[in-house]
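Comments concern the structure below.
Readers should treat all values here as calculations from the given coordinates under stated rules, not as data from a laboratory. Given the structure is predicted, the values throughout are model-derived calculations rather than measurements. Cβ sites come from the backbone with ideal geometry, for glycine too, and all protein chains shown count toward neighbours.
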Protein chains: 2
Amino acid sequence: MKPVKVGICGLGTVGGGTYNVLKRNAEEIARRAGRGIEVAQIGARRANPLCATGTTPVTADIFDIANNPEIDIVIELIGGDTVARELVLKAIENGKHVVTANKALIAVHGNEIFAKARAKGVIVAFEAAVAGGIPVIKAIREGLSANRINWVAGIINGTGNFILSEMREKGRPFADVLTEAQALGYAEADPTFDVEGIDAAHKLTILASIAFGIPLQFDKAYTEGITRLTSADVGYAEALGYRIKHLGVARRTERGIELRVHPTLIPADRLIANVNGVMNAVMVNADAAGSTLFYGAGAGMEPTASSVVADLVDVVRALTTDPQNRVPHLAFQADALSDHPILPISECESAYYLRVQAKDHPGVLAQVASILSARGINIESVMQKEAEEHDGLVPMILLTHRVTEQCMNDAIAALEALNDVAGPVMRIRVEHLN
Amino acid sequence: MKPVKVGICGLGTVGGGTYNVLKRNAEEIARRAGRGIEVAQIGARRANPLCATGTTPVTADIFDIANNPEIDIVIELIGGDTVARELVLKAIENGKHVVTANKALIAVHGNEIFAKARAKGVIVAFEAAVAGGIPVIKAIREGLSANRINWVAGIINGTGNFILSEMREKGRPFADVLTEAQALGYAEADPTFDVEGIDAAHKLTILASIAFGIPLQFDKAYTEGITRLTSADVGYAEALGYRIKHLGVARRTERGIELRVHPTLIPADRLIANVNGVMNAVMVNADAAGSTLFYGAGAGMEPTASSVVADLVDVVRALTTDPQNRVPHLAFQADALSDHPILPISECESAYYLRVQAKDHPGVLAQVASILSARGINIESVMQKEAEEHDGLVPMILLTHRVTEQCMNDAIAALEALNDVAGPVMRIRVEHLN
């Protein structure tokens, strides 16, 4: 069979990696796909020194790719959600299949894009949008298709996980590690997307849709960053047998779906608690399969390219299939999506780690315990440290059982109103993942 | 669309689980697949108390299913590789697609079965044959299709992993834990398949084929069981920073492919070293994606059913596709398989843990070191314990760098010939998996 012709839009890290992998592994890929994949055109304003494109035609206008009648599949790797959206919609309009690594684009404009793709009978594939080289979209969408999925929990931002791993292993403060991560190229000059959980929320939004069969609803995701975490909290968590991870959690409950990204204590003996450095992992709990975990590199030139090219092979195989027998974009048939609501964070449930800075008085613990118990919050354990600072304040660390966030907000307000408590209460959610 | 009609052959643990999952999650599965899946007939000699089959017709003759003109897909869950082979070949002959969980059948007769399936244009799907509920066949065959895969390493027998986990955590001897595993139903009355590595070798044979694009060659797999492991070795490994796992390793080298199942020391900080109890995990190292790991329940009623039903959904989607655009059975097109040879164990390479029972003399270490060095074997570390027994023998533990098995066999023969060394040298292979 003749090779399939594809066009790469964007020749940055992932674009360069995709070109290189397609070239280096051309024979191996053709042995699998049954035909070759030929890059017919590249759309890029600048060359990539890590990618020798040889005689492949390059255009500065990415829309040339979407309009090139020779090209069957457009690979969108420019990032962002404005021009990328126009490009993808134009490619679809021209009857081309699309492969993208763009999590923001899918999380924010996916519903619109998939509707248009269905109308035109083309595929939009996005494995590389979540967790880089880990084929987790495929695992959930196809590999677990027998299951009612209960929850998904993921370490899906490598920068954040690198920072938390360094804080724990070396007792370093957040700001220090962030500076190093920036020097190493793990974190952007403006690290907001990574450390505030926005990037993770994009990915979690996608995972929740394919796990539960709901439309993409990025605007309803709750995000809380890791910037306020102290080395002390990391150490106390460790002493209690936990690790702190920046976790994305999507959980199905009877009242609705929880969709939240925040620092989270996880028991240290869970496999996912031992995922360190820039690595990613996604854990899925489902009614038949039980718990599964998918681990690997969440970013980088070639891991992400691995997923882009796997999508290409899938699309090549599906070129001749009739659209209604394809794997649906969001795992469930478009007319069978559920309107189960996303819960606001106040209605989400979790266990909590609380650090209360209390005056070194007898009776403070009794007051704290009474506030919690009056609201039906059970205490699992209490750890009181020696007074460390000149201010005579003693950190009191509590682990609670599961309650709603609303109930905990109320309790924290009452704790902060106590005369013997100084400053804000540090609150970190706890997930046992069992 | 009308539901697809399937027949289940065998109503044991996996057959019962498959029926139950198809029934309980019928709506969720149909929302994904776009049509229902109806069990039109069951072939079983006895009822399964955990599975209420209601009005579904049951026949005592499984060949009725393969011959039933109403049935599109035959699900083979009877196990074994004699009747199961005949059944699957008959179903294929009758133009039916097949889903099976039978690792022995695929590992031993897969080449014949796939050839016949190709000739008849039908699919034989076997996700459930390896690592139960973990969609690892799909991950390697489709999710990593961009990659040249370097090696695969897996904990792919839950019984063996349960035994080794208990030995480590509680310092219990092998025989004790085996008896408990049998009582818990994790191990068969005849545990040979599990503890001697035959079951793992079946699965590893399948993983190696789809990773490297080679025909199935179970007869060339090297297997070594865990029955000779002592609590002392487990403890020494721990003291050196390692865990002992019953690992299946398939590695591509220039000279050929290593295909081996044996007890293996793995550095304790590797994620796979922390997979405990009956859980399974498969690690894949590939040129673009780097290292990925897939973890979950490796056996059991519903985890295995999860994979059987996922295969069903895939086959339902592929009913109308033309065969040449399907995912090839062994990941690579049948006419593009490689004849890269499987290496005999003597030509495989690994690092080694050696336990030498030596007389408590000065100069023994010098003799041992000289035997190793004469054969180009570098020592990474040596640990000498106090004499523990009345016999005055001192265990000397060595970790070596990587050498061929042949070279190590030769060294061990020389060590055992020393006057100051008593009894056989305990040898366990070491893999760093990085």
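For B:277-287, what's the mean count of beta carbons from other chains sitting within 10 Å of each residue's beta carbon? Kindly include the intermediate steps, with their values, before the conclusion.
Numbers: counts 0, 0, 5, 1, 4, 0, 2, 1, 0, 6, 6.
Mean partner shielding for this stretch: 2.
Stokes-Einstein D for segment A:136-297 at 4 °C, 1.567 mPa s, Kirkwood Rh over Cα pairs, in µm²/s? Please list the in-between numbers first.
Working: Rh = 16.0 Å.
D = 81 µm²/s.
How far apart are the A:GLU180 label points across copies, placing each 7 Å from Cα toward Cβ, in nm, shortest first?
The projected label point of A:GLU180 is separated from its counterparts by 4.0 nm.
What is segment A:54-122 by shape, rounded, prolate or oblate, if you read a ≥ b ≥ c off the alpha carbon gyration tensor as root eigenvalues and call it rounded for a/c under 1.5, prolate for a/b larger than b/c, and oblate otherwise?
Since a/c reaches 1.5 but b/c is at least a/b, the shape of segment A:54-122 is classed as oblate.
At B:ASP81 and B:ALA189, where each label point lies 7 Å from the Cα along Cα→Cβ, what is the point-to-point distance in nanometres?
The two pseudo-label positions are separated by 2.4 nm.
Please compute, for the alpha-carbon atoms of the protein assembly as shown, the extent along each of the three principal axes and give them in descending order in Å.
Its Cα atoms span 76, 70, 65 Å along the three principal axes.
If the label for A:HIS401 sits 7 angstrom from Cα along the Cα-to-Cβ line, what are its distances to the same label in every other copy, in nm to one decimal, shortest first?
5.8
I'd like the mean, over residues of A:17-29, of how many other protein chain beta carbons sit within 10 Å of each residue's own Cβ. It would help to have the intermediate numbers written out before the result.
Numbers: counts 2, 2, 0, 1, 6, 1, 0, 4, 7, 0, 2, 11, 4.
That works out to 3 on average.
Percent relative contact order of segment B:348-430, based on C-alpha pairs within less than 8 angstrom and at least six residues apart? Working shown, then result.
Working: 145 pairs, mean separation 40.6, N = 83.
That works out to 49 percent.
With a Cα-only, solvent-free Debye model of segment A:348-430, what are the log10 I(q)/I(0) values at q = 0.19 Å⁻¹?
Log10 of I(q)/I(0), two decimals: -0.75.
Equivalent-ellipsoid semi-axes (√(5λ), Cα gyration tensor) for segment B:1-81, whole Å, largest first? Each step should come with its number before you reach the end.
Working: eigenvalues 81, 45, 23 Å².
Output for segment B:1-81: semi-axes of 20, 15, 11 Å.
Residues of B:32-38, mean number of Cβ from any other protein chain within 10 Å of their own Cβ, rounded to a whole number? Mind dumping the intermediate values first?
Details: counts 15, 6, 10, 3, 0, 1, 0.
Rounded to a whole number, the mean comes out at 5.
With respect to the cross-link table entries B:LYS2/B:LYS120; B:LYS23/B:LYS138; B:LYS5/B:LYS138; A:LYS96/B:LYS103; A:LYS138/B:LYS23; A:LYS220/A:LYS245, which display a Cα-Cα separation exceeding 32 Å? Before the final figure, lay out the partial values.
Working: B:LYS2/B:LYS120 24 Å; B:LYS23/B:LYS138 24 Å; B:LYS5/B:LYS138 24 Å; A:LYS96/B:LYS103 40 Å; A:LYS138/B:LYS23 24 Å; A:LYS220/A:LYS245 22 Å.
Pairs exceeding the cut-off: A:LYS96/B:LYS103.
Return the single residue from A:ALA104, A:ALA351, A:ALA232 with maximal mean-square fluctuation; model: Gaussian network over chain A, springs between Cα atoms under 10 Å.
Ranking A:ALA104, A:ALA351, A:ALA232 by mean-square fluctuation puts A:ALA232 first.
Given a Förster radius of 51 Å and the C-beta distance between B:GLU254 and A:ASP219 as r, what FRET efficiency does 1/(1 + (r/R0)^6) yield to the nearest 0.05? Walk me through the numbers on the way to the answer.
Details: r = 53 Å, r/R0 = 1.05.
In this case the efficiency is close to 0.45.
Quick one: A:ASP360, B:ASP194, B:ASP410, fewest Cβ neighbours within 10 Å first, how do they rank?
Details: A:ASP360 13, B:ASP194 25, B:ASP410 16.
The order, fewest Cβ neighbours first, is A:ASP360, B:ASP410, B:ASP194.
If you take every DSSP beta bridge whose two residues both sit in the protein assembly as shown, what share of them, in percent to the nearest 5, is antiparallel?
On the way: 101 of 147 bridges.
Once the DSSP bridges in the protein assembly as shown are tallied, antiparallel ones form about 70 percent.
Could you compute the FRET efficiency for B:GLN324 and B:LEU418, with r as their C-beta to C-beta distance and R0 at 51 Å, rounded to 0.05?
On the way: r = 62 Å, r/R0 = 1.22.
Computed FRET efficiency for B:GLN324 and B:LEU418: 0.25.
Calculate, for A:LYS5 and B:ALA334, the FRET efficiency according to 1/(1 + (r/R0)^6) with r their C-beta to C-beta distance and R0 22 Å; round to the nearest 0.05. Show your work: numbers first, answer last.
Values: r = 26 Å, r/R0 = 1.16.
Efficiency at R0 = 22 Å is approximately 0.30.
If one computes the Cα centroid of segment A:48-118 and of segment B:225-277, what distance in Å separates the two points?
Taking the Cα centre of each part, segment A:48-118 and segment B:225-277 sit 45 Å apart.
Can you tell me, using C-alpha contacts under 8 Å and at least 6 residues apart, the relative contact order of segment B:136-297 as a whole percent? Don't jump to the answer; show the numbers that get you there.
Values: 306 pairs, mean separation 55.1, N = 162.
It rounds to 34 percent for segment B:136-297.
Quick one: label points 7 angstrom along Cα→Cβ at B:SER381, distances to the other copies in nm, smallest first?
Ordered by distance, the counterparts are at 2.9 nm.
How large are Rg and Dmax for segment B:264-392 when calculated on the C-alpha trace, in angstrom?
24.2, 76
To the nearest µm²/s, what D does Stokes-Einstein give for segment B:207-325 at 20 °C and 1.002 mPa s, using the Kirkwood radius over alpha carbon pairs as Rh?
Diffusion coefficient, whole number: 124 µm²/s.
Indicate the gyration tensor shape class of segment B:383-434 (rounded, prolate or oblate), computed on the Cα atoms with a ≥ b ≥ c the square roots of the eigenvalues: a/c under 1.5 is rounded; otherwise a/b larger than b/c is prolate and the rest oblate. If you can, show how the numbers build up before the last one.
Details: a/c = 3.23, a/b = 1.49, b/c = 2.16.
Since a/c reaches 1.5 but b/c is at least a/b, the shape of segment B:383-434 is classed as oblate.
For q = 0.14, 0.29, 0.31 Å⁻¹, what log10 I(q)/I(0) does segment A:327-380 give under the Debye formula with an equal point scatterer on each alpha carbon and no solvent?
Rounded to two decimals, the profile gives -0.61, -1.18, -1.23.
Tell me the relative contact order for chain B as a rounded percent, counting alpha carbon contacts under 8 Å between residues six or more apart. Write out the running numbers ahead of the final one.
Details: 907 pairs, mean separation 69.1, N = 434.
Result for chain B is 16 percent.
Run through all the Cα pairs of segment B:110-167 and give the fraction in each 10 Å bin from 0, expressed as whole percent.
The percentages, shortest bin first, are 17, 34, 35, 12, 3.
Over the Cα atoms of chain A, Rg to Rh with Kirkwood Rh, two decimal places?
1.03
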